[in-house]
Amino acid sequence: MAARFIGLYQRTDSGPPLRSCKQLPDGQRSAAQTQHHIRVCNKAAAVLSGVLRMSQSVPGKLCWFLHFRVMLSNADEIIEMQMRNDSTDPRSGATFYQRYHTLEDIYDWINRTAKDYPNTVKVILVGSSHEKRPLYALKLSLNNRPNKKAMWIDCGIHAREWISPAFCLFFVHYSLLFYNQNQAMTQILDNMDVYVLPVMNPDGYKYTWTNDRMWRKNRFPKKGTPCIGVDLNRNFDANWCTRGASDYPCSEIYCGAFPESEPESQAVANFLRSHKDSIQIYLSIHSYSQMLLMPYSCTMDEAENHSELYEMVKQAAENIRRYYRNIYTYGPGAKTIYLAPGGSDDWAHMLGIKYSFTFELQDRGRYGFLLPPSHIQGACNEALTAVKTIALKVMEKSQASTSSRQTV
């Protein structure tokens, strides 16, 4: 990889930008650097979710003095382990789903899966990225029942969250393998179609494998600036670019020029708009922090079906704790984690997909975005439990509503 990391750091304190400090050569650390502080000049320095990184150059003599503690001193070794892959053939067994895979491998897996299950899996070209990479979604449909509802799951909206695409692959594999074997999965697939988009941000994901493992945004270059990328999860029309997003193009949470300015977010929004009458559940998979989030993240206001959504995430978290002894926090995004306007889940809810959620998978910060492959199985099992819990709850409510209308 072009970018190398000394370690993973956690910010403990930082002062304001220092405008009077002596300019250092680009990227050079000060002699005063220890395990406790660092001075960064002429960089858009960001410490986000426990990652200390110096991003694109910005003009002017601008320095930050950051205090931090080392969380992972062997980040390079962990990244190398994540990229090690002894199995690229999905037919080689379950170990394929206990590894991270390149974008090319994921595309190959999509084609192979559709070929192996021609009567069940359909590949849909939802759109393409800024760099013209395809956005493929898989439609899982086990029968032709009329008026079937559907569930949408997207993964990889943030490039560095590798456990997210890993879950989408795992979910499709599990669904196909355990249909007619697992009662909950069979019940869900008998009554719902499922759309799965394994990588919503293919340009960014590709870049994390070749250049910068910690890259978050897409790869759209902002004309007239050295800045690259829009945060796709700040680019939807849900209180767009208000508090919790940034209009500064070098920011990690840059909202873009306008809502749906990016081809990736626009493609997903267009698909959901055209299927809003059938899609009943929207799920967006992220990492990390072990949270099951519901609308709203873009405002402190409660969703009109707040109690219903809260009941579902609470039950999902309780099931994860019961089966896997792991703790997930749950609740509305803005009150549970932070304000995040322009998110896909809030937008989907406002569109009319009333059961809309974001899952933040493992872990709570020990490895963060660098979750080792040995943790993939556990993280996916926990997320699968949440998906099953919510889908079954939604089906139960829908059936009760239908029965009630028939009685009347």
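Brief remarks follow.
- Residues in segment 272-289 that are open to solvent by 10 Å² or more (accessible area, probe 1.4 Å) and under 18 Å from the mean Cα position of the chain (by Cα): Y288, S289.
- Selection status of G352, at positive phi, in contact (Cβ under 8 Å) with a residue 40 or more places away in the chain and touching a helix residue (DSSP H, G or I) at 6+ places or on another chain (Cβ under 6 Å): no
- Hits in segment 199-238 - residues which are open to solvent by 50 Å² or more (accessible area, probe 1.4 Å) and hydrophobic (A, V, I, L, M, F, W, C): F220
- Of all residues making up segment 375-397, the number that are modelled with pLDDT under 95 and either outside the structural domain of N305 (by the TED database) or within 28 Å of R213 (Cβ to Cβ) (or both): 0
- Any hit, segment 299-319, residues being touching a Gly at 6+ places or on another chain (Cβ under 6 Å) and in contact (Cβ under 8 Å) with a residue 24 or more places away in the chain: no
- Selected residue [out of contact with any Lys or Arg (no Cβ under 9 Å at 6 or more places or on another chain) and either under 19 Å from R160 (Cα atoms) or assigned to a strand (DSSP E or B) (or both)] from S401, S374: S374
- Those residues of segment 290-319 which are aromatic (F, W, Y) and open to solvent by 50 Å² or more (accessible area, probe 1.4 Å), in sequence order: Y310
- L339 modelled with pLDDT of 95 or more, within 15 Å of I281 (Cα to Cα) and not hydroxyl-bearing (S, T, Y): no
- Qualifying positions in segment 140-179 - under 17 Å from K388 (Cα atoms), polar (S, T, N, Q) and open to solvent by 10 Å² or more (accessible area, probe 1.4 Å): S141
- For segment 320-327, the criterion of a residue being without any contact (Cβ under 8 Å) to a residue 60 or more places away in the chain and among the hydroxyl-bearing types (S, T, Y) is satisfied by no position.
- For segment 180-191, a residue qualifies if it is surrounded by fewer than 17 Cβ atoms within 10 Å (Cβ to Cβ) and within 21 Å of S398 (Cβ to Cβ), and the qualifying residues are N182, Q183, A184, T186, Q187, D190.
- Here G352, G256 are screened, and the one residue that is exposed (fewer than 15 other Cβ atoms within 10 Å of the Cβ), among the small types (G, A, S) and more than 23 Å from C168 (Cα to Cα) is G352.
- Scanning segment 239-248 finds no residues that are in a loop (DSSP other than H, G, I, E, B), charged (D, E, K, R), surrounded by fewer than 15 Cβ atoms within 10 Å (Cβ to Cβ) and at pLDDT below 95.
The values are calculated or read from the model by the stated rules, or taken from the named source; none is laboratory data. Computed from a predicted structure; not experimentally measured. In this analysis, Cβ positions are derived from the backbone assuming ideal geometry, glycine residues included, and neighbour counts consider all displayed protein chains. Just the protein is used for accessible areas: all its heavy atoms, side chains included, with ligands, DNA and RNA removed. Shrake-Rupley method; radii C 1.70, N 1.55, O 1.52, S 1.80 Å.
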